[in-house]
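First the structure, in the form of structure tokens, and then the observations on it.
The values are calculated or read from the model by the stated rules, or taken from the named source; none is laboratory data. None of these values were measured; they are calculated from a predicted model. Every residue, glycine among them, receives a Cβ derived from its backbone with ideal geometry; neighbour counts consider all protein chains shown. SASA here: full protein model, heavy atoms, side chains in, ligands and nucleic acids out. Shrake-Rupley method; radii C 1.70, N 1.55, O 1.52, S 1.80 Å.
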Amino acid sequence: MKHSLMIFWALSLLTAFILASSSNDGPFYDSTAYTECKAEAEKPLYNGGMLKDNEASVSGRDTLAGIGARYTPAYILHNLTQNTIYCFSIWVKIETGGASARVRARVRADNTTLNCVGSVSAKRGCWSFLKGGFLLDSPSKLSILFFEISNDDGKIQLQMESASLQPFTQEQWRNNQDYFINTARKRAVTIHVSKENGESVEGAVVTVEQISKDFPIGSAISKTILGNVPYQEWFVKRFDATVFENELKWYATEPDQGRLNYTFADQMMNFVRANRIIARGHNIFWEDPKYTPSWVLNLTGEDLRSAVNRRIRSLMSRYRGEFVHWDVSNEMLHFDFYESRLGKNASYGFFAVARELDSLATLFLNDFNVVETCSDERSTVDEYIARVRELQRYDGGSVRMDGIGIEGHFTIPNVALMRAILDKLATLELPIWLTEIDISSSLDHRTQAIYLEQVLREGFSHPSVNGIMLWTALHPNGCYQMCLTDDKFRNLPAGDVVDQKLTEWKSGEVKATTDDHGSLSFFGFLGEYRVGIIYQGKTVTSSFSLSRGTETKHVRLQI
């Protein structure tokens, strides 16, 4: 047993090393991203890949006819294959005609048009980095990669350099994901067992069990879980993290002015405490007027300012220290109810007050259509980054925004685009959470499950993502978009995927005997572990933490 375990550990490390260094396993994914506008364009990723020595073309009106945009530089692509993941990047600069513009990359293939495979906010006088990608569900003999300029008056001319298009097979993409999982989510451990005099103990039976995970995967809950024992048991068996779907929103806690009601939120917090679950706070303010209490819609000036101040102080004073996160401003890229009435920087003031009231909570922006697509111009990755930087500069940097909340309401995921956007967000060096993951109910249950697995693997394998929350609170009439079970708590296909991933991304029980050096080694997922040792009738139990690091974790125990 001990020898096979050592071989497993060594092979795991060797596999990761080979994947990173050997071209025989295909290309290694390049996570490089830039968000600053640069004086000079950097070299192309993958040395250009399929676009090496391929100059952009603007000739041949017949070739480009009907692409739905005025002439732009375009790349003619031949013989693209089905289900291949194509990663694309390019540097863009406005040459003439304007100070800035949003540029969207599109693909026209034989049988389809992909409206957005990457976007960037381009500027005049410096180079901006566009990173994205796409996948075709059928082969294409002739395709065109071209660029659309938003709100273009025909005067803007683009300059482009360092274009790159790198194909990955499904197997190569999965191998890259596995490499990132092995290096970012796992770590080597060596347990040393000795006697009190320091002598190594050979032949001690060591059992190691992971008791908690460093990477939270959770689900939303609603008041429907209260008093529902089967629901509670099903939930606690799986999840170590949660978020309240609606019960903390202003319309729920103060439906009428001055009439506060935290009954359901308090009871849900009791459930969280009793089961040692971590919880995100969602949300303090929602910029969408559709979800603002009706009585608040009629307030203006100081009356609105006073109501806002009472809301944030009441909520955060009541739950100080209870929630690990707060979505302070929800969907401010799309809506501006408070900022339009209280001033452009009103939302930034919310962060300052939240920080004052709960200094240990991580404060988030939270929005949709950031990784789901790049077609929504209000929530492109550059728009998100620009808003974060505005907040960080506000009032001389006195306001601190700690976290990037990405909702993740997908229909058909574009995994190459999702990863490229996460790469760009990672340059902010802030925690990234996928906060409301689901797949559209317009798809059947089996298709939902297939796409959910893709999204979960992308999130878990990206080193800058710190947690995933599913938006799957169960109601008598179903869920917001995607349920994991039926009303009898029998798994639907999406539930099977979640259970599979929860098992796959947790270390199984390790049981082996120590070698002649009194040691055993394994490769485990980050988190908390319980260890038990039996030797010559003696038993010792202990625990240890496995946190992120490149060095082997050494645990020394005596028996």
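Across segment 373-390, the qualifying residues are those that are part of a loop (DSSP other than H, G, I, E, B) and touching a helix residue (DSSP H, G or I) at 6+ places or on another chain (Cβ under 8 Å), and the one among them that is surrounded by the fewest Cβ atoms within 10 Å (Cβ to Cβ) is T373. Can you confirm whether N477 is at pLDDT below 95 and of a type outside the set (F, W, Y)? Yes: the conditions hold for N477.
Cβ separations smaller than 8 Å between residues 6+ apart or across chains give the following pairs from segment 251-280 residues that are farther than 26 Å from S306 by Cβ to residues that are open to solvent by 60 Å² or more (accessible area, probe 1.4 Å) and part of a helix (DSSP H, G or I): Q267/K223; M268/K223. Pairs meeting the criteria (first residue in segment 338-363 and acidic (D, E), second residue outside any loop (DSSP other than H, G, I, E, B) and open to solvent by 30 Å² or more (accessible area, probe 1.4 Å), beta carbons under 9 Å, at least 6 apart or on different chains) are D358/S317.
Tell me yes or no: at least one residue of segment 288-300 is of a type in the set (S, T, N, Q) and surrounded by 17 or more Cβ atoms within 10 Å (Cβ to Cβ). Working first, answer last.
The first filter runs over segment 288-300 and keeps only residues of a type in the set (S, T, N, Q), leaving 292, 294, 298, 300.
So of that shortlist, the ones also surrounded by 17 or more Cβ atoms within 10 Å (Cβ to Cβ) come out as 292.
Yes, segment 288-300 has at least one match.
Restricting attention to segment 393-428 and to residues that are acidic (D, E) and at pLDDT below 95, the residue that is surrounded by the fewest Cβ atoms within 10 Å (Cβ to Cβ) turns out to be D395. Within segment 169-206, the set of residues being of a type in the set (D, E, K, R) and surrounded by fewer than 18 Cβ atoms within 10 Å (Cβ to Cβ) comprises E171, R174, D178, K195, E196, E199, E202.
Residues in segment 94-122 that are closer than 15 Å to Q157 by Cβ, within 29 Å of the chain's Cα centre (by Cα) and open to solvent by less than 40 Å² (accessible area, probe 1.4 Å): A101, V103, A122. The numbered conditions (1) surrounded by 17 or more Cβ atoms within 10 Å (Cβ to Cβ); (2) part of a loop (DSSP other than H, G, I, E, B) are all true for R457 except (2).
Please enumerate the residues belonging to segment 197-213 that are over 12 Å from S545 (Cα atoms) and not β-branched (V, I, T). If the condition is that a residue be over 12 Å from S545 (Cα atoms) and not β-branched (V, I, T), then N197, G198, E199, S200, E202, G203, A204 are the ones that fit.
The numbered conditions (1) open to solvent by 20 Å² or more (accessible area, probe 1.4 Å); (2) touching a residue at least 24 places away in the same chain (Cβ under 8 Å); (3) in contact with a strand residue (DSSP E or B) (Cβ under 7 Å, 6 or more places away or on another chain) are all true for N491 except (2).
Checked against (1) under 30 Å from S440 (Cβ atoms); (2) open to solvent by 40 Å² or more (accessible area, probe 1.4 Å); (3) modelled with pLDDT under 95; (4) of a type outside the set (K, R), S347 passes all but a single condition, namely (2).
Do we find that E209 is of a type in the set (D, E, K, R), open to solvent by 50 Å² or more (accessible area, probe 1.4 Å), within 30 Å of R185 (Cα to Cα) and in contact with a Lys or Arg (Cβ under 7 Å, 6 or more places away or on another chain) in this structure?
Numbers: of a type in the set (D, E, K, R): yes; open to solvent by 50 Å² or more (accessible area, probe 1.4 Å): yes; within 30 Å of R185 (Cα to Cα): yes; in contact with a Lys or Arg (Cβ under 7 Å, 6 or more places away or on another chain): yes.
Against the criterion (of a type in the set (D, E, K, R), open to solvent by 50 Å² or more (accessible area, probe 1.4 Å), within 30 Å of R185 (Cα to Cα) and in contact with a Lys or Arg (Cβ under 7 Å, 6 or more places away or on another chain)), E209 qualifies.
When segment 304-322 is examined, which residues are found to be open to solvent by 10 Å² or more (accessible area, probe 1.4 Å) and basic (K, R)? R305, R310, R313, R318, R320 - these are the residues of segment 304-322 that are open to solvent by 10 Å² or more (accessible area, probe 1.4 Å) and basic (K, R). Give the residues of segment 430-444 that are crowded, with 18+ Cβ neighbours inside 10 Å and closer than 20 Å to N466 by Cα, sorted by residue number. Residues satisfying the conditions are L430, I432, W433, L434, T435, E436, I437, D438. When V107, V92 are checked against the criterion of being closer than 21 Å to T32 by Cα and part of a strand (DSSP E or B), a single residue qualifies: V92. The number of residues in segment 253-274 that are surrounded by 14 or more Cβ atoms within 10 Å (Cβ to Cβ) and either within 28 Å of the chain's Cα centre (by Cα) or of a type in the set (K, R) (or both) comes to 5.
On the basis of being within 26 Å of S347 (Cα to Cα), basic (K, R) and assigned to a helix (DSSP H, G or I), does K237 make the cut? No; evaluated as a whole, the condition is false for this residue.
I'd like to verify a number: residues in segment 417-469 that are of a type in the set (S, T, Y) and without any contact (Cβ under 8 Å) to a residue 24 or more places away in the chain, how many? Total satisfying the criteria: 1. For segment 256-359, please list each of the helices (runs of 4 or more DSSP H) lying entirely inside it that holds at least 3 residues being over 23 Å from T242 (Cβ atoms). Those helices (runs of 4 or more DSSP H) span 294-297, 301-318, 337-342, 346-357.
When segment 155-164 is examined, which residues are found to be open to solvent by less than 40 Å² (accessible area, probe 1.4 Å) and either in a helix (DSSP H, G or I) or out of contact with any helix residue (DSSP H, G or I) (no Cβ under 8 Å at 6 or more places or on another chain) (or both)?
Taking segment 155-164 first, the residues open to solvent by less than 40 Å² (accessible area, probe 1.4 Å) are 156, 158, 160, 162-164.
Listed by number, the residues that qualify are I156, L158, M160.
Among the conditions (1) farther than 27 Å from A416 by Cβ; (2) touching a strand residue (DSSP E or B) at 6+ places or on another chain (Cβ under 8 Å), F525 misses just one, which is (1). Filtering segment 543-559 to residues that are assigned to a strand (DSSP E or B) and surrounded by 15 or more Cβ atoms within 10 Å (Cβ to Cβ) leaves F544, L546, K553, V555, L557. Count of segment 460-484 residues, restricted to those that are open to solvent by less than 10 Å² (accessible area, probe 1.4 Å) and more than 30 Å from Y179 (Cβ to Cβ), is 1.
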